[in-house]
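What follows is one structure encoded as structure tokens, with my remarks underneath.
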Amino acid sequence: MKQDRDSWIKRLGVLGLPILALAPSAAAGPEEDARNIHAGLEIPSENYVDQPYAVVTKDGNWLCVMTTGPGIESHKGQHVVATISGDKGRTWSPLIDIEPSEGLMASWVMPLIVPSGRVYAFYNYNGDGVDKPIPSVLGWYCCKRSDDNGRTWSEKRWRLPIRVTKVDRENEWQGKAQMFWGIGKPVVVGSSVFLAFTKCGKYVVDKSEGWFFRSDNILTEDDPDRIQWQLLPDGDVGLRAPEHGDIQSEENLVHLSNGDLYCMYRTVMGYPCHAYSRDGAHTWSRPEAATYTPGGRPFKHPRACPRIWRTRNGNFLFWFHNHGGKDYSGRNPVWISGGVEKDGFIHWSQPEILLYEPNPPSKGAGGGSQWVGMSYPDLIEQDGRYWITETQKDTARVHEVDRAFLEDLWRQSEIRTVAQDGLVLSRRGEEAQAGEARMPSLPPLSPLGGFSVDLWLALEDLTAGQIVLDSRNDKGQGVWLTTTDPGMLRIDFSDGRRSGGWDCDPGSLKPNALHHVVFIVDGGPRIISVVVDGQLCDGGTRRQYGWGRFEAGIGDVTGAKKVRLAPSLCGALRSLRIYDRYLRTSEAVGNFGAGV
């Protein structure tokens, strides 16, 4: 590590760039949770920081571009910058201006690297000098170039030709000034580049819809003045459908194996939308609520960035917040789903918790605000490894993601094995109906403990108050599962002073049917999630959340030395497993796939 850092310092010295006077952050150690955002490596900024997007340059370094400023979002001094890391995010160069902080505001920068190694930075520039309290979405779409891997940037900026359309003519300037912004990065599809962005018809970001720049020569044209741009879709209206509300924004793209395009974007309806283009963005399928599978269950997501990526192995990743909120809040934790392509459509896995802020304010089941939460992420792939960047608006970080974790998402539907790590109690058949069993010792839930209860059962009816298992002692300490109204199964646990609990989704259990249910109690983010028959509960149509939080400081919930099995159950407990750790969603799905 020190040798690599010293080498990087020497290289920066040769380039005339001083090394950033910041101690390198340490990655998560064996006693830390890598999902905790504070275990990440910090990316430098001025104060406010947004959209930290990175490319791997031709010299093997990371070039991260971002929007930053000395104040808060969209205030004086906001501009776009770059920074370089030669040691995978442990140390960074000082910030390099793409646009200076003095003068007209520049925001929402996105990088593109072309085969020659040149890097383009695309961003909003308030070139008209429109005087509004939030000028960051007003002006021109511009780009600058760097031919030395981001160390210096052209003085000249090039303006992209945003065709005036209906949504522009409806704004307060009748299209003489335009409102727009983009998230993510341009995508390369064959010999073409596509850049997705949002146009707005009402100040600040209302009446929004999706548009796409396409260039068929930017990858090979050396003269930026000769780069050709086409604004799509064809016609006068962007990608939107009225049934999804006035806010349809933050479009981002991936391409399928045959070059078709897939777009995901946010709404204020409690779900993201998606659409496909089979003709290079000229036309699109009618936007629909994004679903896990074609015609399947919709994703839940608030007014936040729903980020998608295509990975080098041809699979996909989807960053979202897994609840049906309709405003900016609840961006903590982040969930991630893995996608695979089948017959021209993306099929998504059940999601896992990717990152969390450990100390959210108490606000409903989800807790947290947009500022405590994290958003506007990016994916970095290098040497077969994966990293995710994110921002909390005042701090940006980069996090390495375990490759096996992602591979399990991509192959989730194929897993047919029972997880063995941490399995401390297993009872099947007659053993599961024996009346009692030795209760294994469970770790304290504070700060990072966890446990999981996995069972197969068939209920003759769904009457509330049936007890499936109970390890409580005379102090009330223990774990217990009961049926609740309306027809749900609930886990509760207590250390004798503090307690927590959560139910599966209403309607997920049927009488006289065999069901597989896994309760996952995760002490890192302090979240309880439930997987029923291989599907993670998301609250359905009755609840915003399918997962719940429990309070900090809960200790030992083991309870009595014996756990009572089905002491008052109208039905049969067919199998029981207890783990002394949280199971990943993929493991719970695999346990279901293995059968009873």
Among 465, 478, 449, the single one that is of a type outside the set (Lys, Arg), surrounded by fewer than 20 Cβ atoms within 10 Å (Cβ to Cβ) and in contact (Cβ under 8 Å) with a residue 24 or more places away in the chain is 465
On the basis of being under 30 Å from residue 322 (Cα atoms) and touching a strand residue (DSSP E or B) at 6+ places or on another chain (Cβ under 8 Å), does residue 181 make the cut? yes
Give me the strands (runs of 3 or more DSSP E) completely within the range 142-224, filtered to those with at least 1 residues that are surrounded by fewer than 18 Cβ atoms within 10 Å (Cβ to Cβ), ordered by residue number. 158-160, 187-189, 192-202, 206-215
I want to confirm something. Restricting to the range 392-442 and keeping residues that are of a type in the set (Lys, Arg) and farther than 30 Å from residue 315 by Cα, which single residue is farthest from the chain's Cα centre (by Cα)? 438
Can you tell me how many residues within the range 497-527 are in contact with a Leu (Cβ under 7 Å, 6 or more places away or on another chain), surrounded by fewer than 22 Cβ atoms within 10 Å (Cβ to Cβ) and free of Cβ contacts under 8 Å to residues at least 40 places away in the same chain? 0
Considering the range 258-287 alone, what residues qualify as being assigned to a loop (DSSP other than H, G, I, E, B), of a type in the set (A, V, I, L, M) and either in contact with a Leu (Cβ under 7 Å, 6 or more places away or on another chain) or surrounded by 20 or more Cβ atoms within 10 Å (Cβ to Cβ) (or both)? 281
Looking at the range 533-555 only, could you name the residues that are open to solvent by 10 Å² or more (accessible area, probe 1.4 Å) and in a strand (DSSP E or B)? 535, 549
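Do you know which of the residues in the range 541-566 that are within 36 Å of the chain's Cα centre (by Cα) and of a type in the set (A, V, I, L, M, F, W, C) is nearest to residue 451 (Cα to Cα)?
Going residue by residue through the range 541-566, those that are within 36 Å of the chain's Cα centre (by Cα) are 541-558.
Right, trim to of a type in the set (A, V, I, L, M, F, W, C) and you get 547, 550, 552, 554, 557.
Working: 547: 15, 550: 13, 552: 15, 554: 13, 557: 10 Å.
Here the residue is 557.
The values are calculated or read from the model by the stated rules, or taken from the named source; none is laboratory data. Note that the structure is a prediction, hence the values are computed from the model and not measured. Because the Cβ atoms are built from the backbone with ideal geometry, glycine has one as well, and the counts that use them run over all protein chains shown. Just the protein is used for accessible areas: all its heavy atoms, side chains included, with ligands, DNA and RNA removed. Shrake-Rupley method; radii C 1.70, N 1.55, O 1.52, S 1.80 Å.
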